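Only one structure is covered here, and it is reproduced in the block below.
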Amino acid sequence: MNPEPRLVEVRKNVLKQNDVLARALRERFREAGVLAISLVSSPGSGKTAFLERTLTLLHTRYKVAALVGDLATENDAARLARSQAPVKQIITGTVCHLEAAMVQNALDGWNLRDLDFLFIENVGNLVCPSSYDLGEDLRFVLLSVTEGEDKPLKYPTIFNSADVAVITKSDLAAAVEFDETLARRNIQAVRPGMQVLKLSARTGEGMPVFVKFLEKRRLRSRSTHAVGT
Amino acid sequence: MHELSIAMSIVDLACEEAESHSALGVDVVYLKLGPLSGVVKEALLFSYEIACQQTPLEGSKLLIEEVPIVVNCPVCRERRSVQSIQSLCCAICGTPTPEILEGRELMVTAMELRK
């Protein structure tokens, strides 16, 4: 005899495990007073160059570290190590995005209280990383001028999951006839009110503004925490 | 494509639920899916079958309900739908609306169990 079918209510998030870990990470970052920033973008939009420049600029005044996700190589960690900041590579194998558990594992052995800024470079991918909270305080989505102005319209979900958009490789804008007004309009269409920064890691244009932005955010999150405790 | 790993999470979650209800089998898993979840319905359905193989969910069906983006329009002061995922503006008055109330769902809402 076939047993009776019965409908039961469940109401559970599929990624609840990731969400729980991400919340715990966020709490750890806050308690340690470290500002965690993740970077997402398509492959080749300049995440690693941008991060190398950022680490080099911040390294003299702050304690900074980075985790970098990649499918197969340790090239990015080797490049970033030139900045003198501690860097750890997360090799994801066939997985096309970082998950909170990978970040948690990679932080093993690091004392977060020794850090002011922690950067997390996601795998180059504009689709999958949008589903996974990593516990970061801020998510930056990068858009290089060579990619075209309509990237935000093609990948609205990742732009929507991010807090700040960064237009990279600004030194090449004229050569590729990048229409900045159109790019900004597209960003605002998929994420109204999103802050947009423009810079070039190669020439350094826009980097001081970016560094100031980070410093301000770190102070703000620390003072919020102080009030909360 | 991360739908296979999402499908495997759904199978894990559903297996746990079935066990907690002492079910003998699972016929249907109901899922709510928002456009901002970053998950593609067709790819998820395809992956689900693979993820179910050699698990207590083998042969079960995944029924996906796609739900729209709902925002809180600051001008209408109402829950509103948007023009499109490429244009997060109130569908009624056209105001850009950053406050998203719904649309990120990736949630198992119910299951049909045999017991």
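Would you be able to say whether some residue in segment A:141-154 is in contact with a Pro (Cβ under 8 Å, 6 or more places away or on another chain) and either under 27 Å from A:Q89 (Cα atoms) or surrounded by fewer than 23 Cβ atoms within 10 Å (Cβ to Cβ) (or both)? Yes: one or more hits. A search for C-beta distances below 7 Å between a residue of segment A:8-26 that is at the interface with chain B (Cβ under 7 Å from one of its Cβ atoms) and any residue that is charged (D, E, K, R), counting only pairs 6+ apart in sequence or on different chains, returns A:V10/B:E17; A:N13/A:D19. For segment A:187-199, a residue qualifies if it is in a loop (DSSP other than H, G, I, E, B), surrounded by fewer than 22 Cβ atoms within 10 Å (Cβ to Cβ) and in contact with a Ser or Thr (Cβ under 9 Å, 6 or more places away or on another chain), and exactly one does: A:P192.
Restricting segment A:119-138 to residues that are outside any loop (DSSP other than H, G, I, E, B) and of a type outside the set (D, E), which is farthest from A:R30 (Cα to Cα)? Filtering segment A:119-138 for residues that are outside any loop (DSSP other than H, G, I, E, B) and of a type outside the set (D, E), the one farthest from A:R30 (Cα to Cα) comes out as A:C128.
Within segment A:1-18, the set of residues being part of a helix (DSSP H, G or I) and either buried (at least 16 other Cβ atoms within 10 Å of the Cβ) or modelled with pLDDT of 95 or more (or both) comprises just one member, A:N18. Report yes if A:N111 is away from every other protein chain (no Cβ under 12 Å) and either of a type outside the set (K, R) or touching a Ser or Thr at 6+ places or on another chain (Cβ under 6 Å) (or both), otherwise no. So A:N111 fits the description; yes.
Within the option set A:E74, A:E99, being within 24 Å of B:I6 (Cβ to Cβ) and among the acidic types (D, E) holds for one residue only, A:E99. Once segment B:66-115 is narrowed to residues that are charged (D, E, K, R) and surrounded by 14 or more Cβ atoms within 10 Å (Cβ to Cβ), the residue that is farthest from the chain's Cα centre (by Cα) is B:R114. Where in segment B:1-85 are there strands (runs of 3 or more DSSP E), lying fully within it, with 1 or more residues that are more than 27 Å from A:C96 (Cα to Cα) and more than 11 Å from chain A (Cβ to nearest Cβ)? Ranges flagged: B:70-73, B:78-84.
Among residues of segment B:97-115 that are more than 7 Å from chain A (Cβ to nearest Cβ), those with a Cβ under 6 angstrom from a residue that is among the β-branched types (V, I, T) and part of a loop (DSSP other than H, G, I, E, B), sequence gap 6+ or separate chain, pair up as B:G103/B:I69; B:E105/B:V67. Restricting to segment A:117-161, give me the number of residues that are touching a His at 6+ places or on another chain (Cβ under 9 Å) and of a type outside the set (S, T, N, Q). Matching residues across segment A:117-161 total 5.
Scanning segment B:1-20 for residues that are of a type in the set (G, A, S) and either touching a residue at least 40 places away in the same chain (Cβ under 8 Å) or within 14 Å of A:N18 (Cα to Cα) (or both) turns up B:S5, B:A7, B:S9, B:A14, B:A18. Residues that are crowded, with 18+ Cβ neighbours inside 10 Å and not small (G, A, S) within segment A:63-85 comprise A:V64, A:L67, A:V68, A:D70, A:D76, A:L80, listed in sequence order. Taking the criterion of being assigned to a loop (DSSP other than H, G, I, E, B) and either of a type outside the set (D, E) or under 18 Å from B:Q86 (Cα atoms) (or both), the residues of segment A:139-186 that qualify are A:G148, A:E149, A:D150, A:Y155, A:A162, A:D163, A:K169, A:A173, A:A174, A:A175, A:V176, A:F178.
When A:G46 is tested against the conditions (1) under 30 Å from B:S5 (Cβ atoms); (2) at pLDDT 95 or above, the lone failure is (2). Look at segment A:76-95: where a residue is over 20 Å from A:R53 (Cα atoms) and a partner is at pLDDT below 85 and assigned to a loop (DSSP other than H, G, I, E, B), sitting 6+ places away or on another chain with Cβ atoms under 6 Å, you get A:T92/A:L71.
The values are calculated or read from the model by the stated rules, or taken from the named source; none is laboratory data. Keep in mind it's a predicted model, so treat the numbers as computed, not measured. Neighbour counts run over all protein chains shown; Cβ positions are idealised from the backbone, glycine included.
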